[in-house]
1. Write down the accessible area per residue of the range 43-185 in Å², having rolled a 1.4 Å probe over the full set of protein chains.
2. With the crude spin-label approximation of a point 7 Å out along Cα→Cβ, what separation in nm comes out for ALA58 versus ASP189?
3. Using each residue's phi in the range 102-119, evaluate 6.51 cos²θ - 1.76 cosθ + 1.60 at θ = phi - 60° and report the 3J(HN,Hα) Karplus result to the nearest Hz, with x for Gly and Pro.
4. In whole angstrom, how far apart do the alpha carbon centroids of the range 27-43 and the range 140-161 sit?
5. If you put +1 on each Lys and Arg Cβ and -1 on each Asp and Glu Cβ, how big is the dipole of the chain around its Cα centre, in Debye rounded to 20?
6. By how many nm would the segment from ARG137 to ASP42 lengthen if fully extended, with 0.36 nm per residue of separation less the alpha-carbon distance?
7. Please give the direction-averaged projected area of the C-alpha convex hull for the range 55-212, in square nanometres with one decimal.
8. Around ALA130, which amide H atoms from residues at least 5 apart in sequence, or from another chain, sit under 5 Å from its own amide H, with H modelled in the peptide plane?
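The values are calculated or read from the model by the stated rules, or taken from the named source; none is laboratory data. Just so you know, these numbers come straight off a predicted model, no measurement behind them. No Cβ is skipped: glycine too gets one built from the backbone with ideal geometry, and neighbour counts run over all protein chains shown. Just the protein is used for accessible areas: all its heavy atoms, side chains included, with ligands, DNA and RNA removed. Shrake-Rupley method; radii C 1.70, N 1.55, O 1.52, S 1.80 Å.
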Amino acid sequence: MREALHTARLYLVCDASFLPRLEDALAGGVDLVQLRDKRLDDEALLDAARRALPSCRAHGVPLIVNDRPHVAAAAGADGVHVGQDDLSPARARAIVGPQAIVGLSTHTPADIDRANEAGVDYIGVGPVNATPTKPGRPAVGEALVAYAARHARMPFFAIGGIDAGQVARVRAAGARGVAVVRAITQAQDPRAASRALREALEREPAKAVAAR
């Protein structure tokens with residue numbers, strides 16, 4: 001599944017409550033799914049991951065589990081995503097195995113530079129805009145996206161309050177892909193929302209913003 005990262009454009013981050021509508025989002029064009037639910041204990045998260053897997057497998061879409069590599073491994077998920085304050089990428093890799101996907105959140109140029117040496121398969125870059133899913137974390141704007149476009153040596157996804165109307169901005173800054181939460185999970189029609197995001201991502205980007 002690791003090769004899918006190089007063509008993936010639309011990355012959905014959702015909690016277990018969204019799983020009944022996950023099939024619609026996948027049908028709309030989601031390329032990558034992360035199950036992120038801090039409220040659940042390990043047993044409940046494992047159950048949720050096992051419920052998400054059949055739909056992801058049917059669409060050929062990797063399933064990533066947030067923060068808990070032992071749950072990802074037990075569920076047979078395709079990988080794990082860790083933050084700067086979570087388990088290190090190396091320790092996460094030791095748990096999920098050498099063939100699994102390991103992703104990492106980055107919030108500064110230094111984070112991106114360290115990620116290049118950390119053996120991760122992709123990074124999230126943001127939050128581009130302030131977002132309630134990351135309370136207290138300041139927005140980084142498009143400047144960090146532009147930095148990632150110039151310096152990241154692995155696929156990256158811009159994240160943070162991005163909807164279909166804002167895709168052009170991050171595309172102009174150099175992002176090929178975006179990761180979203182509310183733009184799909186809070187949409188009345190997740191399939192239509194996913195399709196709109198996908199169409200926006202596939203438009204030719206404007207001239208890239210210079211990195212700072």
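1. Ligands and nucleic acids excluded, the result is 40 Å² per residue.
2. The modelled label-to-label distance comes out at 2.0 nm.
3. Once θ is set to phi - 60°, the couplings for the range 102-119 become 10, x, 9, 7, 10, 10, 9, x, 5, 4, 5, 4, 5, 4, 4, 9, 9, x Hz.
4. Centre-to-centre distance over Cα atoms comes out at 22 Å.
5. Charge dipole, the chain, about its Cα centre: 480 debye, nearest 20.
6. Full extension of this stretch gives 31.6 nm more.
7. On the way: hull surface 37.8 nm².
If you wrap the Cα atoms of the range 55-212 in a convex hull and average its projections, you get 9.5 nm².
8. HN-HN under 5 Å from ALA130: ALA139.
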